[in-house]
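One structure below.
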Amino acid sequence: MSSTKPFLKHATWIEVDLGAIESNVRYFVENTSARVMAVVKANAYGHGSEQAAKAAIRGGATWLGVARSEEALELRRSGFQVPILIMGLTPYRQMPEVIAAKVSMTVWDLEQVRVAAAAATNTVEHARLHLKVDTGMSRLGAQPEEAVEMGQRIVQYPTVALEGVFTHFARADERNRAPTEAQEQKLQQVLAGLDAAGLRPSLVHAANSAAALMHPSAHFDMVRVGISIYGLHPSPDCLLPASFWPALSWKAQLSQVKILPAGRGLSYGHSYVTRAREMIGTVPVGYADGFRRLEGNVVLVGGRRVPVVGRVCMDQILVQLDEVPTARAGDEVVIIGEQGKERITAEEVATRWGTINYEVTSGLAARVPRLFT
Ligand SMILES: *Cc1c(COP(=O)(O)O)cnc(C)c1O
């Protein structure tokens, strides 16, 4: 067995290609007439929100979208001055800080509006509100038949500005277009009512990545794109155009390589027992990094697919290296990404884990360092 290669700075790390995010965002800027909101919630789907947001703005995004008030305030603290929308709940106690930071909030009932208006009373800033309409996702939003009256009530508060009206699609990533068209139709009816009352705000938005790609009539004034700007497919039925490419790779280096005799149990519970003399590598990646504790995992070593054997631990896994007899400690391991001619996509990992690419990358732990290229 050959000696250890020099170790790199990190045991495991995530590489984020910021040029990919910039280019993927630019596709929407160039191919839609709408503004582009880059959705950077959940640490930019695991990619690192600050750097991802900068890349998205370089690509032409003019808004940032997040789920929570903490995410918005952190972006403001990092110096971002572009408009930011909190798309989920803003707890009442956060409203004064959110308003002072010029962050826009989503509302769906009149109590929220009343509290926001009161919170803005002793400040120079208006409470910037986007009225969410539930056209069929059934998650957040005023019901369509309540929306116009809500709009009328909102504009009566002098400390509030109604900046936007929006909805969210439940099935835009499917081949069947009808459910999305029905939601779009409901939004159109609300907009007609707001128009008639002279209340239509300047920003109407509805489209997530899938709708931005497949439903141009749903672009309205702004598209809210998340998964696609990271180069990840919205779904198997909604694939990205060929010019998109994935931004994220997850790598590690082998911490130890050894040959074990036949009959040795591996890792907790000895669920795997060597059948012969086997070459076994240790990889400093575990379930606390977002790697799933399941059987059947595969990673790349030496440009080959190698199986993960034995139980996944909190911080480490074992791999069977008989296909890569030259492997030695310090060699690169790819969990997501390319190595030689082989590639493991987030979509492949998602299939193995019984989930979707969104959950794979957004589940990558904060402790894994992000390196930006
Ligand atoms: C997450 C989210 C998006 C982005 O969706 P993608 O499918 O990742 O493009 C858009 N709008 C809302 C309200 C969201 O919660």
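The values are calculated or read from the model by the stated rules, or taken from the named source; none is laboratory data. In this text the structure is predicted, and so the values were computed from the model without any measurement. With ideal geometry, Cβ positions are generated from the backbone for all residues, glycine too; neighbour counts draw on all protein chains shown.
Scan the stretch 104-111 and tell me whether some residue there is over 30 Å from F244 (Cβ atoms) and assigned to a helix (DSSP H, G or I). Within the stretch 104-111, one or more residues are over 30 Å from F244 (Cβ atoms) and assigned to a helix (DSSP H, G or I). Restricting the stretch 15-43 to residues that are among the β-branched types (V, I, T) and under 14 Å from G226 (Cβ atoms) leaves a set whose member that is nearest to the ligand (Cβ to nearest atom) is V39. A count restricted to the stretch 220-241 and to residues that are within 16 Å of T135 (Cβ to Cβ) and either away from the ligand (no atom under 13 Å from the Cβ) or aromatic (F, W, Y) (or both) stands at 1. Give me the residue from the stretch 1-44 that is in a strand (DSSP E or B) and among the hydrophobic types (A, V, I, L, M, F, W, C) and, out of that set, surrounded by the fewest Cβ atoms within 10 Å (Cβ to Cβ). Selected residue: W13. Here G88, G60, G65, G79 are screened, and the one residue that is surrounded by fewer than 23 Cβ atoms within 10 Å (Cβ to Cβ) and closer than 19 Å to G141 by Cβ is G88. Among the conditions (1) more than 16 Å from the ligand (Cβ to nearest atom); (2) outside any helix (DSSP H, G or I); (3) in contact with a Leu (Cβ under 9 Å, 6 or more places away or on another chain); (4) among the aliphatic types (A, V, I, L, M), L85 misses just one, which is (1).
Within the stretch 132-163, the set of residues being within 12 Å of the ligand (Cβ to nearest atom) and either small (G, A, S) or not assigned by TED's automatic domain parsing to the domain that holds E181 (or both) comprises just one member, G141.
If you go through the stretch 190-213 and keep only what is over 19 Å from T32 (Cα atoms) and surrounded by fewer than 16 Cβ atoms within 10 Å (Cβ to Cβ), you end up with A192, D195, A196, A197, G198.
Before we move on, is N176 in a loop (DSSP other than H, G, I, E, B) and at pLDDT below 95? No, not satisfied.
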